[in-house]
1. Which of the helices (runs of 4 or more DSSP H) contained wholly in region 161-238 include at least 1 residues that are among the acidic types (Asp, Glu), in the same structural domain as residue 120 (by TED's automatic domain parsing) and under 30 Å from residue 84 (Cα atoms)?
2. Considering (1) buried (at least 16 other Cβ atoms within 10 Å of the Cβ); (2) more than 15 Å from residue 282 (Cα to Cα), say which one residue 233 fails and leave the rest.
3. Report yes if some residue within region 199-217 is over 28 Å from residue 111 (Cα atoms), buried (at least 17 other Cβ atoms within 10 Å of the Cβ) and not polar (S, T, N, Q); otherwise report no.
4. Considering 205, 293, 264, which residue is among the β-branched types (Val, Ile, Thr) and over 22 Å from residue 127 (Cα atoms)?
5. Of all residues in region 260-312, count the ones that are among the charged types (D, E, K, R) and either in the same structural domain as residue 210 (by TED's automatic domain parsing) or out of contact with any Leu (no Cβ under 8 Å at 6 or more places or on another chain) (or both).
6. Which pairs do you get when a residue that is within 19 Å of residue 31 (Cα to Cα) and touching a residue at least 40 places away in the same chain (Cβ under 8 Å), found in region 139-151, comes within reach of a residue that is buried (at least 22 other Cβ atoms within 10 Å of the Cβ) and of a type in the set (Phe, Trp, Tyr), reach meaning Cβ atoms under 6 angstrom, with the pair 6+ apart or on two chains?
7. Among the numbered criteria (1) touching a residue at least 40 places away in the same chain (Cβ under 8 Å); (2) under 13 Å from the mean Cα position of the chain (by Cα), which one does residue 160 miss?
8. Contact list please: Cβ distance under 6 Å, first residue in region 90-115 and assigned to a strand (DSSP E or B), second residue among the small types (Gly, Ala, Ser), pairs at least six apart or on different chains.
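The values are calculated or read from the model by the stated rules, or taken from the named source; none is laboratory data. Please read all numbers here as calculations on a predicted model, not as lab measurements. Please note: Cβ atoms are built from the backbone with ideal geometry, for glycine as well, and neighbour counts cover all protein chains shown.
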Amino acid sequence: MAVATRRERRAAERRMRSGLQKCAFTDLLFNVETVKEELDSNTEYAYRIIGKGIGKDGTDKLLNQCSKIYQLVKNEDIFPNIISVFENFIVNGKKIDYTANFYHIGNVRFYAEFIITDKRYTYKMKGTNDEIMPVLKVQHSYNGKTKYRIIFGYYRLICTNGLMIAVEEMKTFNLCIVGKHTESIKKSFIRLNEMLLNFTENAPTITKRLTDKYEMLGGRWVAKVEDRVKEVLTANKIAMINTSKFNTLHYITERIDSESKIATLGYGGKVNDWLIYNAINQYLNDNSRNVSTPETRMEKDGKVLKYMLENA
């Protein structure tokens, strides 16, 4: 077994420090305060956002430097309210089944995904056992670099990553909620309830519209898999690493080949654009290789989906 060099260990540590960290729900709810800067400063740095007791050895941690007009919206005013919407959402006398995962980057950027595991809304790709389910992703930050947003998408069971939906359908069904200040964030919980209500009441129609684009990819069988992967990566300016330790094309094509041969999925060893899209998605979301923020990954994923839909 190869022993990691000091440089490789340091690189891994940097990824761990700067990358996405899974956490418990309660880890998002630490006390945070706005305090006046004691030093002489310009107006844009006149106040500090302090995380209480989350620094080294239980000390306070500086999270942001801001002006007087910055409106601090605490996690405790967001995530518990979203959970409340899900917990109190009833369809035909039954609560909607879901699971929730929570993440942070440096205790300053925060993310949650609410995966609707309720079988009433699970979709199976035609001719296969490849299941996808609705997911709502929530993001917020204390440094202003990640804007508060709730966005609808899908979650593929086999690879446990979120999938983008086409922009046109997202706009048509109002599947993205953005809040810029306290009042709009408060109203977003009402809009979330309305979004869920609209989706559950019109599930067959909305699901078909949202998954039709996925089915377009699923209907395109690909003979020259590596050529297609190269084309998509090049068109979307996704770097292809080729070193003695890692090869991007090998990583992606190996995953495609593996999934195409999983008997229970039902692809029978054949490859289509759907499997290629998902393998690229998996590469973009591999935390061991990527320290990009989730919103950056979603943006790249959306561009890949758009390109593949428009370029058969």
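1. Here the list reads 167-172, 182-201.
2. Of the numbered conditions (1) buried (at least 16 other Cβ atoms within 10 Å of the Cβ); (2) more than 15 Å from residue 282 (Cα to Cα), the odd one out for residue 233 is (2).
3. Yes, region 199-217 has at least one match.
4. Numbers: 205 fails: over 22 Å from residue 127 (Cα atoms); 264 fails: over 22 Å from residue 127 (Cα atoms).
From the options 205, 293, 264, the qualifying one is 293.
5. Selection size over region 260-312: 9.
6. 139/111; 140/110
7. (1)
8. Matching pairs, first to second residue: 102/112; 109/141; 114/100.
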